[in-house]
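Below is one structure, written out as structure tokens; comments come after it.
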There are 2 protein chains.
Amino acid sequence: MQKQTNYDQAVKTKYPEQIVIAIAKDANGKANPVTLGWTMIASGSPPMMAIAVAEKHYSIETIRHSKCFTISFPSSEMADAALFFGSKSGKDTDKFAEFDCKNEPAKIIDSLLLTDAAANFECTLESQTVAGDHIIFVGKVVASHINTEQKKRLYSLAPGHKLGSAS
Amino acid sequence: MQKQTNYDQAVKTKYPEQIVIAIAKDANGKANPVTLGWTMIASGSPPMMAIAVAEKHYSIETIRHSKCFTISFPSSEMADAALFFGSKSGKDTDKFAEFDCKNEPAKIIDSLLLTDAAANFECTLESQTVAGDHIIFVGKVVASHINTEQKKRLYSLAPGHKLGSAS
């Protein structure tokens, strides 16, 4: 039976929610990773993925500058990195300098891949749309990578940043 | 270690992937439910949600006609309904007439809620953006409902329409 309630209460039924780390370089060439739960696949052919980024986030500037970004599916062991990348602003922090998270250059775009992630997708910026207090960026996937060890991806399991694997 | 591969292989790391059933009425007043895996929250304040719908789907026409839609989080027991609503076209089928899935009128918009879902969100159409072979519809949540029995939502667990709960 359905009961009308407030949005904050109803949306708690969303868990587990998948997590991605999006990475784009700023005008100084600094790669800025940000952890996001609001993401989806957006097209099958050509493959595209979407992310919603808070309009005040430094990531907005980096994606608009470089017009490309990596979407990384962090592995279930990468909760600490995801929490760090999601809690600091890249405006005054070099997140990769402050948190040791193995990375390597992307192959097609000017960005990074996360070496221990379950998968990485290199995207070129296709569109950006304002949605309330967020911007939806759609990226066309131009290269894909998987972990040779078949890692499981990371999820947000409950309110309060409880992260882990889901099955 | 990362290894470059094709997109179809890399995207198999996406599971579990959440499922929603989106419902909108067509010009004849027929409510058309469609099962979608490509969905995300898009804004916090005001709350908005996004869905990506294949451009050839009848749902495109229904959402454009009614300018509103329900996003329902089917409960983990609703796999059969989700499979049915995802495999038929509403163009020549009245899905609610052919598959018995309890529903009730929405409170604010002219659509339906799924009675046994984990939650239902009534949305007014905010924007639509082409993304490859899909259209991204963003809806502003104007009413929210939860199941009084605290149901878990339904996920796609593996390729080949394996649906169930995730934790």
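The values are calculated or read from the model by the stated rules, or taken from the named source; none is laboratory data. The model shown is predicted, which means the values in this text are computed figures rather than measured ones. Here the Cβ is made from the backbone with ideal geometry for all residues, glycine too, and neighbour counts use every protein chain on show. Note: accessible area is taken over every heavy atom of the protein model, side chains too, but ligands, DNA and RNA are not part of it. Shrake-Rupley method; radii C 1.70, N 1.55, O 1.52, S 1.80 Å.
Below is a table of values for the structure above.
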read-out: Shielding score for B:9-21, defined as the mean number of other chain Cβ atoms within 10 Å; value: 6
read-out: Among B:Asp94, B:Asp26, B:Asp133, residue whose mean-square fluctuation peaks in a GNM of chain B (springs only between Cα atoms under 10 Å); value: B:Asp133
read-out: Gain upon complete extension [A:Phe99, A:Lys162; 0.36 nm per residue less C-alpha separation]; value: 20.7 nm
read-out: Set of aspartates and glutamates with alpha-carbon distance to B:Lys91 below 15 Å, sequence-local pairs under 8 removed; value: B:Asp26, B:Glu55, B:Glu61
read-out: Surface accessible to a 1.4 Å probe, per residue, for the residues of the range A:2-141, Å²; value: 39 Å²
read-out: Packing-based ranking, highest mean first, of B:146-152, A:52-58 given that Cβ atoms within 10 Å are counted; value: A:52-58, B:146-152
read-out: Buried accessible area, chains A and B (both chains, 1.4 Å probe, Å² to nearest 100); value: 5000 Å²
read-out: In order through the range B:68-75: 3J(HN,Hα) via Karplus (6.51 cos²θ - 1.76 cosθ + 1.60), integer Hz, x for Gly, Pro; value: 7, 6, 8, 10, 10, 8, x, 7
read-out: Partner chain coverage, peptide B:147-158 - average Cβ within 10 angstrom; value: 2
read-out: A:Thr148 paired with A:Gln4, simple spin-label distance in nm, labels 7 Å along Cα-to-beta-carbon; value: 5.8 nm
read-out: 19 Å Cα-Cα reach of B:Lys140 towards lysines, excluding residues that sit fewer than 8 places from it in its own chain; value: A:Lys12, A:Lys14, B:Lys25, B:Lys67, B:Lys107
read-out: Chain B: most fluctuating residue of B:Thr39, B:Thr70, B:Thr129 per GNM, C-alpha cutoff 10 Å; value: B:Thr129
read-out: Max mean-square fluctuation residue, GNM over chain B, Cα-Cα springs under 10 Å, options B:Pro105, B:Pro46, B:Pro16; value: B:Pro46
read-out: Distance from the range A:12-26 to the range B:61-132 (C-alpha centre basis), Å; value: 25 Å
read-out: Residues with amide H under 5 Å from that of A:Asn103, placed H, sequence gap 5 or more; value: A:Thr115
read-out: Net charge over other residues, Cβ less than 12 angstrom from the Cβ of A:Leu83 (K, R count +1; D, E count -1); value: +2
read-out: Net charge over other residues, Cβ less than 9 angstrom from the Cβ of B:Gln18 (K, R count +1; D, E count -1); value: 0
read-out: Reachable aspartates and glutamates, given that their alpha-carbon falls under 20 Å from the alpha-carbon of B:Lys151 and they are not under 8 places away in the same chain; value: A:Asp8, A:Glu17, B:Glu17, B:Glu77, B:Asp80, B:Asp100, B:Glu104, B:Asp116, B:Glu122
read-out: Accessible carbon and sulfur surface of the protein assembly as shown relative to its total accessible area, %, 1.4 Å; value: 47 percent
read-out: Spin-label model distance (nm) - A:Lys67 vs B:Thr124, 7 Å beyond Cα toward Cβ; value: 3.7 nm
read-out: Charge sum, other residues only, whose C-beta stays under 11 Å from A:Lys56's C-beta, Lys/Arg counted +1 and Asp/Glu -1; value: -2
read-out: For the protein assembly as shown, Kirkwood radius (reciprocal of mean inverse C-alpha pair distance, Å); value: 19.9 Å
